[in-house]
Amino acid sequence: QINSHFPIHSFNTPTLPLLKQTSSHITLTTQTQNPNLPKMSFSDMARSNVWRAAFAALFILTILLLSSLRTVPAAHVGVVTTAGRVSGTPLQPGVHFTSPISGIHSFSTKTILIDQENEVPTKEGLTVKLDVGILFHIEPARAKDIYVNLGKNYDEMVVEPEL
């Protein structure tokens, strides 16, 4: 007969009690078996884990591939930057694969009109209204140089102050 301070209860599920007495301690271990679950062998569990790992790897690979797709709109060129480093040649319009950590800065190659109305004093002291307009576009091959030297808002830095 085993004396214990802890009562042993029976549950509705079939259990296999294992009693082990060591010096002055009594250890009660219960293994519960669920009759509704099918029994799986070790090789079945390993095969199941392989399929789970393959599915997880395929999912991660799909996410990486989709995050690597970049589009450059029509009438634009793209400058690729990766961790602050600018790539060599600009990307033409279309879909491109880049690194997932790369960014694309697009520049319009369309002709842009900037017009401005000014009032200019003449030598005689009169003011004259002057309408000035500029049509310009960037050369696609020079997009990298424009991005590195002037930045994304090159028109506000170079063109508008000259008007």
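Each Lys and Arg Cβ is given +1 and each Asp and Glu Cβ -1; about its Cα centre, segment 62-163 then shows a dipole of about 700 debye.
Whole-Hz Karplus values for segment 148-154 come out as 5, 8, 10, x, 5, 9, 4 Hz, taken residue by residue from phi with 6.51 cos²θ - 1.76 cosθ + 1.60 and θ = phi - 60°; glycine and proline positions read x.
Legend: calculated FRET efficiency, His96 to Leu64, from the Cβ-Cβ distance at R0 = 25 Å, rounded to 0.05, equals 0.95. Can you figure out the FRET efficiency of Ser87 with Asp155, using R₀ = 22 Å and their beta-carbon distance, to the nearest 0.05? Calculated value: 0.45. Take the Cα of Lys110, step 7 Å toward its Cβ, do the same at Phe136, and the gap between the two points is 1.8 nm.
Here, each number is a calculation from the coordinates, and none is a lab measurement. Because the structure is predicted, anything quoted here is derived from the model rather than measured. All Cβ positions, glycine included, derive from the backbone under ideal geometry; neighbour counts span all protein chains shown.
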